[in-house]
Every structure is written in structure tokens, then in C-alpha cells.
Amino acid sequence: MTNRRDFLKGAGVLTLGAMMPEIAVAKSKKTAKKGKKYIGLQTYSLGPELSGSNVAEGLKRLQKMGYTHLELAGYGKGKIGGISMADYKKMADDAGLIITSSHLNPDTIARSEKYSKANFTKLTDFWKRATEDHAILGVPFMVQPGLPAIDSIEDAQAVCEVFNAAGDITKQAGIQFGYHNHNREFCRVVAGGKGKNPDFTAREGRQIEEIFINGTDPAKVIFELDVYWTVMGCQDPVEWIDKYAERIKMLHIKDRMVLGQSGMMNFEQIFKHFYSHGEDHKNFYVEVEDVRSGKQFQRVEDSINYLLAADFVK
Ligand code: MG
């Protein structure tokens, strides 16, 4: 019987090198020629409405709404929400959707445990295993969305070392590693720490997100800016998109609920500035939280309709 690694080699996925992201962009250009906008969805948005036996049908509904690609959530035990990587990929293919990214957090240490030399190998072991699994999806990006325990500059720098190592590992399968923020990344930390995390009142020290960006290798780690959580961190996402254009290559397009309804997000400027940084700045994913509302398919549809009607979205 062929083992998983042989299967990957046979399928060529472990030898594609850095080609994968270009493949995704090439496919998107083809889609754009048909007059369709290139709009992704973070599947976490649908919560239990997209699970188990509902997935195949749900993915088809998303394609009909106008979504072109997906960022998955729910990786665990070699599967996505209990569905094998190969089966998930086939269902996406059948629905006409491209899987371009996946969110996942290391499960080999507790979320409350700080990154250190002592658990470095446990963390890199996770990324090795996860990379083998994600190579089956042919996915160009793997993104960590969860902030590790940090309350000092040194803690954040230890995380940067693991991110660089993760980037090295994923690259071997042609996959780009990335990090996705919430609001706590915009808190400031000082050398030695103050034992209070998160501290939104701190005015001294360095912002965690800035330490991550400047402490990681651009060849190994990219950033996916969640624009809503950036605003909730009391920051202007447009400033970050422009200041770190070489590092922020993907966005989470999110509002308090359905896109455009709160009036608090300046999506027009967000999109204009993001697109202005070149052809490799086109990947974004709609995200709608409150995932157990029972109304998520409707909210995801209302959200894409806002983007389809917006002339600033390509
Ligand atoms: Mg997000």
C-alpha cells in the first residue's frame, strides 16, 4: 500500500517548490477574464452550517453566490473538520472552487504555553506533519491565526524563530507560511515584560505585530491582515497595508457582522491601497463571525453581494 509520503511524491506536490502561489494567481486571472471578481471566503464563517454531509452541497452554494476560492479552517488529526484532505479537495474541485489557504494552530503544546527552546521541536514537528497533510490539498498558503502566549519582547522574538522555522518547512512543499492577527497583536510589550497580557493601555515598548513583521524573514513568512481586528486594535489598516506592503500579502475582509453594514470599515480605501501594491496583492477572504447564529449562509451571501456591487473590488 502506498504511504502518504509516497503518494505526495507521486503526485509531484513535494517537488513543486515555490510554484504553487503563482498557480493560484494564474487561475484567478483566467477567472477574471470571464468578468468574475476574485473573492475568497474563510470557511470558518459558516460554522456548523458547513460540516459533515453538508459540505459538498454547501461549497456548490458558495460558488453560485460568486465566491471563487477558499481559505479553510478546522485542521486537526490530518483532516479538515473530520473530512480527509483528499475528499475536501475533491468536493472543492467539483464545486469549481480553488482552495488557496488554510488556517491552523499548533496542537502539540498548550495555547497558554510560551514558545521557547524547550518546546521548539514540538512546534516544528507539528508544522512538518501539517505540511505533509496540506500538500495533499495543493494549497499555496498555510496560516497560523492564533496568537501564542506573549508578554515581553523576548517572548515575541521566540515566536519569530518558530515562524521562520515553520516557513522553512512549508516551503519544502511549495507552500508559503503566514500569520493572521486579531487585536491583541497591536498591544505593546517591553523587554522583560510586565506580566500583564494583553495590555491595551501600554504606551511604551513595541507592538507585537511589528515585532513579528520585523523579526521574521520575508522569504519565509507573510502576513494576512484582518482589517476588522486591526481597527479593534485601535489601528488604521490602510496605514499597515502601505507601511508593510512587502509583508502583508493577504487580507481578511471583515466587519462587525455583514460587510458594509456597520459603516465603521472604510473598505474602499482598504481595497484601493491593497491592490495598489501589485499583482501579488489580490488574495483576500471574507469572514463573518458569530458562527453559531444559524444565519451564516445568508450573511456570507449578503457580504459577497456588497463586494459584487462595490466598484472598488476587482
Ligand atoms: Mg480573521
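Throughout, read-outs are computed from the coordinates displayed, never taken from laboratory work. Just so it is clear, the model here is predicted, and its values are computed rather than measured. Cβ coordinates were reconstructed from backbone atoms using ideal geometry, including for glycine residues, and neighbour counts include every protein chain displayed.
How high is the relative contact order of the chain? Use alpha-carbon pairs under 8 Å, at least six apart in sequence, and give a whole percent.
Numbers: 565 pairs, mean separation 59.9, N = 314.
Relative contact order here is 19 percent.
Please list, by residue number, every one of the GluC sites (Glu not before Pro) in segment 149-218 that is coil in DSSP and has at most 11 other beta-carbon atoms within 10 Å. Display every interim value, and only then the final one.
Working: sites: 154, 161, 185, 204, 209, 210; in loops: 204.
Of the GluC sites (Glu not before Pro), the ones in loops of segment 149-218 whose Cβ has at most 11 other Cβ atoms within 10 Å are 204.
In segment 181-285, what is the count of Lys pairs whose alpha carbons are under 21 Å apart, counting only pairs at least 8 residues apart or on separate chains?
11
Between residue 149 and residue 314, what is the label-point separation in nm under the 7 Å Cα-to-beta-carbon projection?
Once both label points are built, they end up 4.4 nm from each other.
Given a Förster distance of 41 angstrom, what is the FRET efficiency for residue 261 paired with residue 86, based on the Cβ-Cβ distance and rounded to 0.05?
Working: r = 38 Å, r/R0 = 0.92.
In this case the efficiency is close to 0.60.
Estimate the FRET efficiency between residue 239 and residue 108 by the formula 1/(1 + (r/R0)^6), using the beta-carbon distance for r and 41 Å for R0, to the nearest 0.05. Spell out each step's value before the answer.
Values: r = 35 Å, r/R0 = 0.87.
With R0 = 41 Å, the Cβ-Cβ based efficiency is 0.70.
For segment 198-272, state which trypsin sites (Lys or Arg not before Pro) are in a DSSP loop and have at most 11 other beta carbons lying within 10 Å of their beta carbon.
Filter output for segment 198-272: 203.
Please report the antiparallel percentage of the DSSP beta bridges confined to segment 166-314, to the nearest 5.
Details: 2 of 15 bridges.
Counting DSSP beta bridges with both partners in segment 166-314, the antiparallel share is about 15 percent.
Can you check what the net charge comes to around residue 148, using other residues whose Cβ is under 10 Å from the Cβ of residue 148 (Lys, Arg +1; Asp, Glu -1)?
Values: positive: 111, 114; negative: 113, 155.
Charge balance in the 10 Å sphere: 0.
Tell me which residues come under 5 Å, amide H to amide H, from residue 261 once H is placed; ignore anything under 5 positions away on its chain.
Answer set, sorted by chain and number: none.
What base-10 log of the normalised intensity I(q)/I(0) is obtained for the chain from the Debye formula, alpha carbons as equal point scatterers, at q = 0.08, 0.09, 0.15 Å⁻¹?
Debye output, listed in q order: -0.34, -0.44, -1.29.
Over segment 82-198, what is the mean sequence separation of C-alpha contacts under 8 Å (at least six apart), divided by residue count, expressed as relative contact order in percent? Please report the intermediate quantities before stating the final value.
Details: 153 pairs, mean separation 34.4, N = 117.
Result for segment 82-198 is 29 percent.
Among 115, 275, which comes first, second and so on when ranked by fewest other beta-carbon atoms within 10 Å?
Values: 115 23, 275 16.
Exposure proxy ranking, most exposed first: 275, 115.
Would you mind telling me the antiparallel percentage of the DSSP bridges in the chain, rounded to 5?
On the way: 6 of 35 bridges.
Counting only bridges with both partners in the chain, antiparallel ones make up about 15 percent.
Non-local amide H neighbours of residue 98 (under 5 Å, H modeled in plane, Pro and chain starts lacking H): which ones?
HN-HN under 5 Å from residue 98: 69, 70.
What does the helix-only formula give at 222 nm for the chain: each DSSP H stretch with n ≥ 4 adding -39500 (n - 2.57), the total divided by the residues, and the result rounded to the nearest 500 deg cm²/dmol? All intermediate terms of the calculation are to be shown ahead of the outcome.
Details: 11 runs with 126 residues, N = 314.
It lands at -12500 deg cm²/dmol.
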